[in-house]
Amino acid sequence: MKRVVVTGMGCISALGHNYRDFVRRLMQGDGGIGPITLFDTEGFMVRIAAEVKGYHAGDHFEEKQLSQLDRFTQFALLSSREAVADAGLDLKGPLAERTAVVHGTGVGGQATQEAGCKRLFAMKEKRLHPFTVPKLMPSAGASWISMDLGITGPAFATTSACSSAGHAISVALMMLRSGLADVAVTGGAEASVTEGTIRAWESLRVMAKDTCRPFSASRSGMVIGEGSGTLILETLDHARNRGANIYAELSGFGMSSDAHSLIQPLADGASRAMNAALDDAGMEPGSVDYINAHGTATAQNDPTETSAIHAVFGDHAAKLAVSSSKSMHGHTLGAASALEAIASIAALNKQIAPPTTNFLEPDPKCDLDYVPNTARSMSMNVAMSNSFAFGGLNTVLLFRRFTED
Amino acid sequence: MNDSIEDAVLGIMAGHMDLEREKMTPATPLQDLGVDSLKMVEIMFELEERFDINIPDPENVGQQEQQFRTAADVVNVVKGLIEDRKNTP
């Protein structure tokens, strides 16, 4: 089977506008959760989010382009441009059609959808902007990445709520293994800090009012984040032939579905996804050193994920470092698996486990080592990244420190 | 007046649980009636809409489990919030 490696990364999130800032703040435990500034939260129960701060679309795009770019697409483009530049790839010429784009999103153009609804139903206008449809479609991100970077191979979006990017990366991995492409631009983007989305999340009563405290007894729920993460995947042969810098090997993926509930997670589904990833990579549970947990800080997820980890790892569970970087960049939904994959790769490269910040006191139902509040230097070869989405759609990615043999 | 609120709350709860209204008594533990957190979220939505109130979220997930043990707890919270609304100018 062809080996697949990561040769480029790009991201934009509450932890800054690029990979370098993301990793620095991640390892410093310098979180990006704060009061919502994108709209007036007067009368809202939920008033915090992990927004992309200091962002001016005009710095990156021309005014004419912006009429076609929802905020989620802008983020998808920026992280993809950074990742391709980071990989030092020239996608013009014959490589263009040997490159795939698989970029996920949970919702897509939410801000565009809401602006349209406001015009129609509140302002009683009769017309919508002509680009409303192409701007809000969930595949707009993948389309724009292909256009912006001149990629002519297969391109599409995946959607599975909080596992959207995990499915994107998994599918991209399969495409490279099968020989369908040599390079893939993959990940996910989301821009859901909008009035409608926050109102909808409020009604589910799973949202924190203070901050995000994964695995902590006094956690009060999740915090919505926004952003995008993009990985450049390449077959090892292709990367070697061009002398590319290799960040890590994507050794395996696992997917499963709970077949249980749209909202409540099931430990069995999570365990099966982790086991599937280990099987795919041909690894024993004991070889995993670090897990970037799904860790949403809801009442349901954290104990369920903890018991799933126990079921998969047995005695080794106690030796694992398990952290949730959502405590810093929030739950970025369709971008989550991508940003957290990047956090996992950064952990391998720096040999530092990022912390679970805002951790106050342990929950008896969550009894693993969550790397509370401070990053930890440790020796690690294998990192696992978990995503367990609403609707019971699970993905798990396994990254290994790259070695030639 | 208060009794009619209790009656309405119990009626709404019974409706969500496919229970006959007569079997919905204030003292029965909600867990025994099969009310999980999802069902409770739907019930709270309907109560907020019906009575024009906002039921606050508990401080943390520990308190969440304690918030509503019986239907009587739900009735009391709703009555309190209706009272608060009346007293707010």
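Considering each of A:Val396, A:Val382 in turn, give the residue that is open to solvent by less than 50 Å² (accessible area, probe 1.4 Å) and closer than 17 Å to A:Pro265 by Cβ. Can you show your working first?
On the way: A:Val382 fails: closer than 17 Å to A:Pro265 by Cβ.
Just one listed residue meets the conditions, A:Val396.
Please indicate, with yes or no, whether at least one residue in the stretch B:49-68 is in contact (Cβ under 8 Å) with a residue 12 or more places away in the chain, assigned to a helix (DSSP H, G or I) and farther than 30 Å from A:Gly391 by Cα.
Of all residues in the stretch B:49-68, those in contact (Cβ under 8 Å) with a residue 12 or more places away in the chain come to B:50-55, B:64, B:68.
Of the ones still in play, those that are also assigned to a helix (DSSP H, G or I) are B:50-51, B:64.
If we keep only those that are farther than 30 Å from A:Gly391 by Cα too, we end up with B:51.
Within the stretch B:49-68 (the criterion being in contact (Cβ under 8 Å) with a residue 12 or more places away in the chain, assigned to a helix (DSSP H, G or I) and farther than 30 Å from A:Gly391 by Cα), the answer is yes, since at least one residue qualifies.
For the stretch B:59-79, which positions are facing chain A (nearest Cβ under 8 Å) and open to solvent by less than 70 Å² (accessible area, probe 1.4 Å)?
B:Asn60, B:Val61, B:Gly62, B:Gln64
Considering each residue of the stretch B:26-41, count those that are open to solvent by less than 40 Å² (accessible area, probe 1.4 Å) and within 12 Å of chain A (Cβ to nearest Cβ), and give that number.
2
Check off (1) hydroxyl-bearing (Ser, Thr, Tyr); (2) free of Cβ contacts under 8 Å to residues at least 60 places away in the same chain; (3) crowded, with 24+ Cβ neighbours inside 10 Å for A:Thr296 and give me the number that stays unchecked.
So the condition that A:Thr296 fails would be (2).
Output the number of the condition that A:Ser271 fails; it satisfies all remaining conditions of (1) out of contact with any Leu (no Cβ under 9 Å at 6 or more places or on another chain); (2) under 12 Å from A:Asn386 (Cβ atoms); (3) open to solvent by 10 Å² or more (accessible area, probe 1.4 Å); (4) within 14 Å of another protein chain (Cβ to nearest Cβ).
Condition (4) is where A:Ser271 drops out.
Within the stretch B:42-51, is even one residue open to solvent by less than 50 Å² (accessible area, probe 1.4 Å), more than 13 Å from the chain's Cα centre (by Cα) and within 12 Å of chain A (Cβ to nearest Cβ)? If you could, list the steps in order and put the result at the bottom.
Of the residues in the stretch B:42-51, the ones open to solvent by less than 50 Å² (accessible area, probe 1.4 Å) are B:43-44, B:47-48, B:51.
The next check asks that each one be more than 13 Å from the chain's Cα centre (by Cα); those that pass are none.
No: the stretch B:42-51 contains no residue that is open to solvent by less than 50 Å² (accessible area, probe 1.4 Å), more than 13 Å from the chain's Cα centre (by Cα) and within 12 Å of chain A (Cβ to nearest Cβ).
Could you check the stretch A:281-291 and list, in sequence order, the residues that are assigned to a helix (DSSP H, G or I) and surrounded by 20 or more Cβ atoms within 10 Å (Cβ to Cβ)? It would help to see each step written out before you state the result.
Going residue by residue through the stretch A:281-291, those that are assigned to a helix (DSSP H, G or I) are A:281, A:285-287.
Listed by number, the list holds a single entry, A:Ala281.
Would you tally the residues in the stretch B:1-25 being of a type in the set (A, V, I, L, M, F, W, C) and in a helix (DSSP H, G or I)?
Of the residues in the stretch B:1-25, 7 are of a type in the set (A, V, I, L, M, F, W, C) and in a helix (DSSP H, G or I).
From the list A:Ser257, A:Ser218, pick out the single residue that is in contact (Cβ under 8 Å) with a residue 12 or more places away in the chain, open to solvent by 10 Å² or more (accessible area, probe 1.4 Å), away from chain B (no Cβ under 14 Å) and over 25 Å from A:Gly10 (Cβ atoms).
Working: A:Ser218 fails: away from chain B (no Cβ under 14 Å).
Going through A:Ser257, A:Ser218 in turn, just one is in contact (Cβ under 8 Å) with a residue 12 or more places away in the chain, open to solvent by 10 Å² or more (accessible area, probe 1.4 Å), away from chain B (no Cβ under 14 Å) and over 25 Å from A:Gly10 (Cβ atoms): A:Ser257.
From the set of residues in the stretch A:204-215 that are within 11 Å of chain B (Cβ to nearest Cβ) and either under 18 Å from A:Thr73 (Cα atoms) or open to solvent by 10 Å² or more (accessible area, probe 1.4 Å) (or both), which is modelled with the highest pLDDT?
By that ranking, first place goes to A:Arg213.
Residue-wise test of (1) among the hydrophobic types (A, V, I, L, M, F, W, C); (2) modelled with pLDDT under 95; (3) open to solvent by 20 Å² or more (accessible area, probe 1.4 Å).
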residue: A:Gly109; (1), (2), (3): no, no, no
residue: A:Lys124; (1), (2), (3): no, no, yes
residue: A:Pro130; (1), (2), (3): no, yes, yes
residue: A:Gly150; (1), (2), (3): no, no, yes
residue: A:Phe156; (1), (2), (3): yes, no, yes
residue: A:Ala161; (1), (2), (3): yes, no, yes
residue: A:Asp182; (1), (2), (3): no, no, yes
residue: A:Ser192; (1), (2), (3): no, no, no
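Answer yes or no: is there a residue in the stretch B:26-41 that is closer than 20 Å to A:Phe44 by Cβ and part of a helix (DSSP H, G or I). Walk me through how you get there before you give the answer.
From the stretch B:26-41, those closer than 20 Å to A:Phe44 by Cβ are B:41; that's our starting set.
From what's left, part of a helix (DSSP H, G or I): B:41.
Yes: the stretch B:26-41 contains one or more residues that are closer than 20 Å to A:Phe44 by Cβ and part of a helix (DSSP H, G or I).
Somewhere in the stretch A:222-235, is a residue in a strand (DSSP E or B), within 14 Å of chain B (Cβ to nearest Cβ) and not β-branched (Val, Ile, Thr)?
The initial filter retains those residues of the stretch A:222-235 that are in a strand (DSSP E or B), namely A:222, A:224-225, A:227-235.
Narrowing further to those that are within 14 Å of chain B (Cβ to nearest Cβ): A:222.
Filter once more, keeping what is not β-branched (Val, Ile, Thr): A:222.
There is at least one residue in the stretch A:222-235 that is in a strand (DSSP E or B), within 14 Å of chain B (Cβ to nearest Cβ) and not β-branched (Val, Ile, Thr).
Which residue out of A:Ser256, A:Ser261 is part of a strand (DSSP E or B) and either over 30 Å from A:Asp86 (Cα atoms) or assigned by TED's automatic domain parsing to the domain that holds A:Ala338 (or both)? Outline the logic, then answer.
Values: A:Ser261 fails: part of a strand (DSSP E or B).
Step by step, each of A:Ser256, A:Ser261 is checked, and only A:Ser256 is part of a strand (DSSP E or B) and either over 30 Å from A:Asp86 (Cα atoms) or assigned by TED's automatic domain parsing to the domain that holds A:Ala338 (or both).
With the checklist (1) within 14 Å of chain A (Cβ to nearest Cβ); (2) at pLDDT below 90; (3) open to solvent by 50 Å² or more (accessible area, probe 1.4 Å) in hand, flag the one item B:Asn54 doesn't pass.
(2)
The values are calculated or read from the model by the stated rules, or taken from the named source; none is laboratory data. This one's a predicted model, so the numbers in the text were calculated from it and none came from an experiment. So basically every Cβ, Gly included, is an ideal-geometry build from the backbone, and we count neighbours across all protein chains shown. When the accessible area is computed, the model is the full protein with side chains, heavy atoms only, and any ligands, DNA or RNA have been set aside. Shrake-Rupley method; radii C 1.70, N 1.55, O 1.52, S 1.80 Å.
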